[in-house]
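Undergrad: Handing you this structure, nothing more for now.
The values are calculated or read from the model by the stated rules, or taken from the named source; none is laboratory data. Only a predicted model underlies this, so the values are computations on that prediction, with no experimental measurement involved. Here the Cβ positions follow ideal geometry from the backbone for every residue, glycine too, while neighbour counts run over all protein chains shown.
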Amino acid sequence: MRELVYYVGVSIDGRIAGPGGEFDFYPQGDEEQAAEYVGWMTERYPETLPTSFRSALGITGAPNRSFDTVVMGLGTYRPALDEGITSPYAHLRQYVVSSTLGPGPDPAVTVVGGDPLGLVRSLKEEDGQDIWLCGGGRLAGEVWPEIDRLVIKSYPVVAGAGIPVVDGEFDPTRFQVTDRRSFGNGVTVTWLARR
């Protein structure tokens, strides 16, 4: 059975974005540090880079290493949509959970109006690679029982306010650290599996 993996960037105070959805405050480091980090992402998780970035990096044809499906909330999808990009991850099956978006603006994107937990459960029963939960925090809270693993990219910055990594009910859940890696720009990536 496929697993649902929440792969997400987080500030020190547990925010995935600012109050208005901002995510440009994450420090990337100097040019060399940024190149090291982007090089790692390109190698380890090439499918998590938007299609337009993959083109710019010359990895358009890179195979998906971990995921073949992405699930995201409207807040995560909206920045691409506002830029006129209706299919931000054309190399993946794309699902947007939204009760307000209406019919999908692109045939490659499936809009799901409700029951994200049911969606995830049905996707997990299919054959294929793992499913990437791209965000946001409220969606993570709604599908919390089905999140199998976390890949947390911790950035050395405090947001102060914004969207929490998980916005759901009080439900202490133990995870086990399975790996950790640090980068010169101060980012630490931690892999965790549900106990």
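Undergrad: Every residue in the stretch 61-75 that is under 16 Å from V96 (Cα atoms), modelled with pLDDT under 95 and in contact with a Pro (Cβ under 9 Å, 6 or more places away or on another chain), please.
TA: Within the stretch 61-75, no residue meets the criteria.
Undergrad: Still on this structure, please answer the following. Restricting the stretch 24-50 to residues that are without any contact (Cβ under 8 Å) to a residue 24 or more places away in the chain and surrounded by 13 or more Cβ atoms within 10 Å (Cβ to Cβ), which is farthest from L139 (Cα to Cα)?
TA: Among them, the one singled out is A35.
Undergrad: Something else about it: I need the full set of residues from the stretch 101-126 which are over 23 Å from G18 (Cβ atoms), in contact (Cβ under 8 Å) with a residue 24 or more places away in the chain and assigned to a loop (DSSP other than H, G, I, E, B), in order please.
TA: P105, E126
Undergrad: Against the conditions (1) free of Cβ contacts under 8 Å to residues at least 60 places away in the same chain; (2) buried (at least 19 other Cβ atoms within 10 Å of the Cβ); (3) aromatic (F, W, Y); (4) closer than 30 Å to G160 by Cβ, where does F53 fall short? Just the number, please.
TA: (2)
Undergrad: Kindly check whether there is at least one residue in the stretch 35-45 that is of a type in the set (F, W, Y) and in a helix (DSSP H, G or I).
TA: Yes, some residue in the stretch 35-45 is of a type in the set (F, W, Y) and in a helix (DSSP H, G or I).
Undergrad: Let me ask you something else. Is the stretch 88-100 home to any residue that is in contact (Cβ under 8 Å) with a residue 24 or more places away in the chain, in contact with a helix residue (DSSP H, G or I) (Cβ under 8 Å, 6 or more places away or on another chain) and under 20 Å from G186 (Cα atoms)?
TA: No - not one qualifying residue is present in the stretch 88-100.
Undergrad: Every residue in the stretch 136-195 that is in contact with a Leu (Cβ under 7 Å, 6 or more places away or on another chain) and assigned to a loop (DSSP other than H, G, I, E, B), please.
TA: Within the stretch 136-195, V143 is the sole residue that qualifies.
Undergrad: While we're here: Scan the stretch 83-95 and tell me whether some residue there is in contact with a strand residue (DSSP E or B) (Cβ under 6 Å, 6 or more places away or on another chain), closer than 15 Å to V151 by Cα and at pLDDT 95 or above.
TA: For the stretch 83-95, residues in contact with a strand residue (DSSP E or B) (Cβ under 6 Å, 6 or more places away or on another chain), closer than 15 Å to V151 by Cα and at pLDDT 95 or above: absent.
Undergrad: Only one residue in D115, D106, D130 is exposed (fewer than 15 other Cβ atoms within 10 Å of the Cβ) and acidic (D, E), so which one is that?
TA: D115
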